[in-house]
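The values are calculated or read from the model by the stated rules, or taken from the named source; none is laboratory data. Model, not experiment: these values are computed from the prediction. Ideal geometry is used to build each Cβ from the backbone, glycine not excepted, and the neighbour counts take in all protein chains shown. Surface accessibility is based on the protein's heavy atoms, side chains included, excluding ligands, DNA and RNA. Shrake-Rupley method; radii C 1.70, N 1.55, O 1.52, S 1.80 Å.
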Amino acid sequence: MRTLVKDLKNHQTVTVSGWINSRRDHGGLIFIDLRDHTGLIQLVINPDANEAFNLAETLRDEFVITATGNVRERAPELKNPNIATGDIEVVVDTLELLNKSEPLPVSTHDEGTLAGEELRLKYRYLDLRRPHMQDILKRRAAYYKFMRDYMEEHDFIEVTTPILANSSPEGARDFLIPSRVHPGKFYALPQAPQQFKQLLMVSGLPRYYQIATCFRDEDPRADRLYGDFYQLDLEMSFIDDGETVRSTMEPLIKSLVTEFGGKKLLNQEVPRIPYREAMERFGIDKPDLRYGMELIDLTEDLKNTDFSVFNKSDCIKAICVKGGAKLSRSQIDEFTEQAKRLGAGGLAYLTYANDEVKSPIAKFLKPAELGAIAQKTNAQKDDAVFFGAGDRELVNKVLGQLRIAFADHFNLKNPDEVALCWIVDFPFYEWDDGANKLDFGHNPFSMPKGGLEVLENTENKLDIIADQYDMVMNGYEVCSGAVRNHNPEILYKVFGILGYDKKYVETKFTGMLNAFKFGAPPHAGCAFGIDRIFMVLNDTTNIRDIVAFPKNGSGIDLMMDSPSTVDPKQINELSLKLNF
C-alpha cells in the first residue's frame, strides 16, 4: 500500500510513489528526491540493490516511480532542516518505473525564474505541480469549506440552480447557447443565479446559498477572470433592509481575513459609506482604506484666486501626498501625463520643502489661500499637494485614480493588512453617455428606497436611490447585493421609466412575475466574488494565479485550444449560419 510522504516514520517499511524532483549520482550511491502532493522525501539507492540501482541510473526529473524500502534517520551532518522530512530518508530495496517524462517546457519548481504566464497556462498541468500551486489548490478547498461551514451554521440551505437559463439584463454580455430542439431560440449561461434565488424565496426557502459558477462575456482584467467565475451567492426571505444582510455576512468576511487569511483587519467596525460620499472623498466607489489621501474640496477657498484655471472651474479639489515633495520633476511629469489621459488639462501642485512652498502656481495664490490649502489638506514639510479643477465628476475621477497611483508609488498598500467598507445607497439609474439615454445603475431587480411613490414623484430620476450595497476589500469590489423588488407593479414601473412596456417585462421575466403574484415575501441578498477575496488573502494582484485552469488575458484557453472552430455539421444542426 502506498505511503504518503507526510506520514513517513522512522524504522517503517514503506512503499512511496511520486515524481522525481531531482536526481543526484554520487558514484557509489544514487539519491533521488521524490515528490508527492504532501512533500519531498530522499531516496537512497545502493549498488547492492542491483535491479533498483541499474534502473535508478536511467531515471530523469519528473519520471513517475514507486519505491519500496526502509525509513531510517539521516546522519546528523546530513539532515536537511529546509524540508519537513529532512531528518529521515528511505533506503530503497525495489524500484519501479511507472512512466517516463519528456524534457519539461516549464519548471515544476518554485525556485528560480518561472516561465512566462502564457507558456505556464499552455502547460498548466505542469505548472500546477509546483508546490506553491499545490498549496493554492488545497488552500482553496479549505476556503470553500470555511465558507460552507459558516453558511450552514447560520441556517442557509445550499441549492444548485440551472446553468442553462434565459438571457436577462444583468449589466454584461451573455454567453448564448443556441437550441438544437427549438431552432432560432437560445439559452444563456447565467451571469448570476439572480432570478432563481428570488424564486427560491417565493418557494418558501428561508435562507439560500450556493458557491455558484457565473458567466459573463466581459473583457478580462488582472482582477477579473474571463468567462466563468465563482461567487458565494445567498438570499434571505422576510428581509426588507440591507443592513440585516450586511450584519449577517460581515462576520464571515472578518473571519476569513483574520482566522483563515492570517491578516490584520484595520477596521473592526466596518464603515457604511454612501455612494455619493465615496465619490466625493475618494473619487471611486471602491476605495482602498489602507491609506488616506482623501479628496479635499477647496472650491470655496479658491474660487476668487488669481490663478485662472481655478477661478474658471466649477470644482477645485486636492490630495495631500505625504513625502510628495521628494518626487523628481520627471516623476511629476509622469503623473501629469496620467492625469491628462484621464481627461484633465494638466496637474497643478504645490510642494512643501525647507519651510517654503514651491510651485509654478504659487505666485498666483494669496497668503490666505495658501494657508487654507495647508490647513485643510494638513500639508507639512516634505509633502506635496496635487489639484484637480473643472467639472466635479471629472475632478473626482482624475484625483481618485491619482490617489491609487501615488499609493502604488509610495508602497502604501500593505499586503498584510485588510481594510473593509460597505458602499451603500447607489443611484438606481445612471446616464449612459454612449447610448445617450437613462439606464439601470446596477440591475433592475433592486428595490428603490421609497418604493412606488418615489418612482412616481421624483422629477429627476437620477436622484432615486436603490437599496443596494457593495463590500470593498483593499480597493476591490468583493460583494454586491440589494433588497429585492418583489412587487410586480414596481417592476413594471422601473422598466417603464426607461421606456420598456409591460409586454417586454412579461416576456423577459415571465417566471418571476408569475411567482410574485402568489405571495412573494420581501427578501434581500448578495453575492461575494470569492476569487477576488481569495486573491487578496493570497497576496497576489493577478486573479489567474489562484485558479486551477484560467484563460489568458485575451480570454483564450491555451491548454485546451479554446475557443475553437467546430464541425460544419454541428453548425447546421443548430440552424445557424456563420456571417464573418
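Tabulated values for the structure
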quantity	calculated
Share of pairwise Cα separations in the stretch 436-580, more than 17 Å, in percent	74
Net charge of Cβ neighbours under 12 Å - reference Q268; Lys, Arg +1; Asp, Glu -1	0
Euclidean distance of C-alpha centroids, the stretch 474-511 and the stretch 110-145, integer Å	40
Residue-level accessible surface for I490, protein heavy atoms, 1.4 Å, Å²	10
Of all accessible heavy-atom area on the stretch 361-479, the percent that carbon and sulfur account for (1.4 Å)	46
For the stretch 165-263, convex hull of alpha carbons as volume per residue, Å³	144
Kirkwood hydrodynamic radius of the stretch 5-82, Cα pairs, Å	13.0
Percent carbon-and-sulfur accessible area, the stretch 170-257, ignoring ligands, DNA and RNA, probe 1.4 Å	52
The chain: angle of helix 131-153 to the longest principal axis, Cα-based, in degrees nearest 10	60
Whichever aspartates and glutamates have a C-alpha closer than 19 Å to that of K312, once near sequence neighbours (fewer than 8 apart) are set aside	D297, E300, D301, E369, D391, E393
Over 27 Å between alpha carbons, listed pairs K185/K286; K145/K551; K254/K517	K185/K286; K254/K517
From phi via Karplus (6.51, -1.76, 1.60), per-residue ³J(HN,Hα) for the stretch 445-456 in Hz, x at Gly/Pro	8, 8, 8, x, 5, x, x, 4, 4, 5, 4, 7
Cα gyration tensor, the stretch 168-220 - rounded (a/c under 1.5), prolate or oblate	oblate
Protection-proxy order for peptides 562-573, 102-113, 371-382, each taking the mean of Cβ atoms within 10 Å per residue, highest first	371-382, 102-113, 562-573
Probe 1.4 Å - accessible area at T541, Å² to nearest ten	100
Local electrostatic count, I239, Cβ distance below 10 Å [Lys/Arg +1, Asp/Glu -1]	-2
Rounded to the nearest 20 debye, dipole of the stretch 248-325 from Cβ charges on Lys, Arg, Asp, Glu	320
Anchor K413: aspartates and glutamates whose Cα lies under 19 Å away (excluding residues fewer than 8 positions away in-chain)	D223, D285, D288, E294, D383, E477, D539
P(r) of the stretch 295-437 over all Cα-Cα pairs, binned every 5 Å from zero, in whole percent	2, 9, 17, 20, 19, 15, 8, 6, 3, 0, 0
For the chain, size of Cβ-based charge dipole, Lys and Arg +1, Asp and Glu -1, in debye	480
Per-residue [θ]222 nm for the chain (sum of -39500 (n - 2.57) over DSSP H runs n ≥ 4, rounded to 500)	-8000 deg cm²/dmol
Accessible area (Å², per residue) of the stretch 294-336, counting only protein heavy atoms and a probe of 1.4 Å	49
Accessible-area composition of the stretch 19-111, carbon plus sulfur, in percent [1.4 Å probe]	49
Surface accessible to a 1.4 Å probe, per residue, for the residues of the stretch 366-480, Å²	42
